Structures are given as structure tokens and as C-alpha cells.
1. I'd like the full set of residues that are open to solvent by less than 20 Å² (accessible area, probe 1.4 Å) and in a helix (DSSP H, G or I), limited to region A:1-23.
2. Are any residues in region A:70-90 among the acidic types (Asp, Glu) and either more than 20 Å from A:Gln49 (Cβ to Cβ) or open to solvent by 40 Å² or more (accessible area, probe 1.4 Å) (or both), and if so, which ones?
3. In region A:48-63, how many residues are without any contact (Cβ under 8 Å) to a residue 40 or more places away in the chain and surrounded by 19 or more Cβ atoms within 10 Å (Cβ to Cβ)?
4. Of the residues B:Asp66, B:Asp76, which single one is open to solvent by 30 Å² or more (accessible area, probe 1.4 Å) and free of Cβ contacts under 8 Å to residues at least 24 places away in the same chain?
5. Across region B:6-28, what is the number of residues that are part of a helix (DSSP H, G or I), touching a residue at least 40 places away in the same chain (Cβ under 8 Å) and either open to solvent by 70 Å² or more (accessible area, probe 1.4 Å) or not polar (S, T, N, Q) (or both)?
6. Can you find a residue that is within 12 Å of chain B (Cβ to nearest Cβ) and touching a Ser or Thr at 6+ places or on another chain (Cβ under 7 Å) anywhere in region A:74-82?
7. Conditions first: (1) under 25 Å from B:Ile47 (Cβ atoms); (2) open to solvent by 20 Å² or more (accessible area, probe 1.4 Å); (3) in contact with a helix residue (DSSP H, G or I) (Cβ under 8 Å, 6 or more places away or on another chain). A:Val67 passes all but one, so which condition is the exception?
8. Would you check if there is a residue in region B:73-81 being within 11 Å of chain A (Cβ to nearest Cβ) and touching a helix residue (DSSP H, G or I) at 6+ places or on another chain (Cβ under 9 Å)?
Amino acid sequence: MSVVITDLSGVTKAELAGRLDTSNVNRVESSFLAGIVPKGQHTVVDLSQVTFIASLGIRMLLSAARVLSRQGARLVMYGASPGIMEIIETTALSDIIPVLPSEAAAIAAVSG
Amino acid sequence: MPSTAASGADGFLRNLPVDLASIEEARQGLAAYLLPFQLGERVMNRIEVVLEELVSNVVRHASAVDELSIAAECLDDGVHLTIADNGTAFDPLGAAAPTPFSTLEEAELGGLGILLVKRLTRSLDYERIGGVNRIRAVVATQ
């Protein structure tokens, strides 16, 4: 499980890779939040290399989006595989955090 | 307690230590047991999420527990999972479902695991028998 945070001209990009299961979320949640929250910028989260997600992963994304929202910044996700998307939709996370098909669409969504 | 394993015609069974590493050990063992059934990615993902949530619940929340067992069998109506522990009596299915939300501020951070389990299973029940909490979940394979 890895987290890579980069800056795309004022938009934070967080690339997650691996399994967002209980053990891995415990391991990466603090670096994920520390990498994006202090910037207070609109954020796009790349899920294309995420192979599994369960409730703690959903909670991590929800927490990040909520904290950014309180700072006036938006968080959107993109690149979810069908299996990841089913879990995101089952928890209704996708009702409040948009999931876009591509990085370009995600950046357009937060920049618009 | 050291882990012990059994599988074959009678299904899959693991007795595992009550710690986070057991979730991954159970997942890999169950995946190996289910491999010949060729269930497909979507069904396997649902099974893995249900297993993850139920075992994670025991490992993170159960009290006075030192025995955890995971059993599975692939039958006509789906994959039957049984998670048992000898902790204090606790029915995780009895908790109120998270309130539906339409904004980030309304969304509850807790209760998402059991919500997932309920929505991804065909049937789900809890019983307390002989000092053991037992949850049985059936994930449809069709």
C-alpha cells in the first residue's frame, strides 16, 4: 500500500495504490491526511491502482473530504475499478464525493 | 493461540490468533479454497469485503476474546461464511443502521462496515451459543 502526494498547479493529487483494508488503512491514513489536509487545496484522488476497499478505506476518504470541505476545498476521486466502485456505491459515498472516469475529468470537476 | 487449518470436502476452516494479521491470513486461505469454484471477480470481491468487515470487527472491537475461527463452504445458494469468537456476548448486527446522508457533514463515519455486510449478503444472522459469538453470512454466487 502506498500513498504519493503531488501538486498539479494548485490542485493536490493523491495516488493510492494497493489494498485499502484494515491493516493498510491503519498504516497509511495519517500520511494520507497529513499530505493533503494542510494544503487546503482542491484534491483529486487516483484510485486506479487500488485493488480493494472496505469500510475503513471509505471512512478515510470521507474524513479527508469533510475536512477539506470545511476549508472550502473539494475532493473528488477517479479511476475506480468496477469492484471498488461497487463498494463505494454500496456505502453511498459516491452520492457525496464524485467519482470521475479520468484525471482530466477530476481536475475539471474541482476547478470548475 | 497458533493458527490451525483444515479444508477439503468439508469446506474451509481456520483457527486464528485474534490480531490484524489474521484478516489477511484468512483472506488468502479462503481465496485458495474458493479458487476451484471460479466465482468471478465481482463475487470474490464481495466475499472478501464481508470477510474483512466481520473479522476486523472481532479483532478491533471484541473484548475478553482469545479464540477466533473462520469457516466457509461453497454451496448451491452461495458461499457460507461463519465467523466465531469466544469474547463477551455482542451482536454487531443489532446496532442501528447509519442515518442516510446527502451531505459530507451529515455522513456518519461509524457503522459503514456492518452496512456493507448487510447489503452484500443474501442472509446474515448472529447467535450466541455456549459462550461463543457466531455470525453466519451467505454471499450469493449467482
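1. Within region A:1-23, A:Thr22 is the sole residue that qualifies.
2. Applying the first criterion (among the acidic types (Asp, Glu)) to region A:70-90 yields A:86, A:89.
Correct list: A:Glu89 only.
3. Within region A:48-63, the subset without any contact (Cβ under 8 Å) to a residue 40 or more places away in the chain is A:48-59, A:61-63.
Add one more test, that the residue is surrounded by 19 or more Cβ atoms within 10 Å (Cβ to Cβ), and what stays is A:50, A:52-59, A:61-62.
Total meeting the criteria: 11.
4. Values: B:Asp66 fails: free of Cβ contacts under 8 Å to residues at least 24 places away in the same chain.
The conditions single out B:Asp76.
5. Applying the first criterion (part of a helix (DSSP H, G or I)) to region B:6-28 yields B:21-28.
Next cut, touching a residue at least 40 places away in the same chain (Cβ under 8 Å) only: B:22, B:26.
This time we only want the ones that are either open to solvent by 70 Å² or more (accessible area, probe 1.4 Å) or not polar (S, T, N, Q) (or both), so: B:26.
Residues meeting the conditions: 1.
6. The answer is yes; a qualifying residue exists.
7. Going through (1) under 25 Å from B:Ile47 (Cβ atoms); (2) open to solvent by 20 Å² or more (accessible area, probe 1.4 Å); (3) in contact with a helix residue (DSSP H, G or I) (Cβ under 8 Å, 6 or more places away or on another chain) one by one, A:Val67 breaks only (1).
8. Step one: filter region B:73-81 for residues within 11 Å of chain A (Cβ to nearest Cβ), giving none.
No, region B:73-81 contains no residue that is within 11 Å of chain A (Cβ to nearest Cβ) and touching a helix residue (DSSP H, G or I) at 6+ places or on another chain (Cβ under 9 Å).
The values are calculated or read from the model by the stated rules, or taken from the named source; none is laboratory data. Everything quoted here is computed from the prediction, not taken from an experiment. Neighbour counts are summed over all protein chains in view; Cβ atoms, including those assigned to glycine, are modelled from backbone coordinates with ideal geometry. Heavy atoms of the whole protein, side chains included, go into the accessibility calculation; ligands, DNA and RNA do not. Shrake-Rupley method; radii C 1.70, N 1.55, O 1.52, S 1.80 Å.
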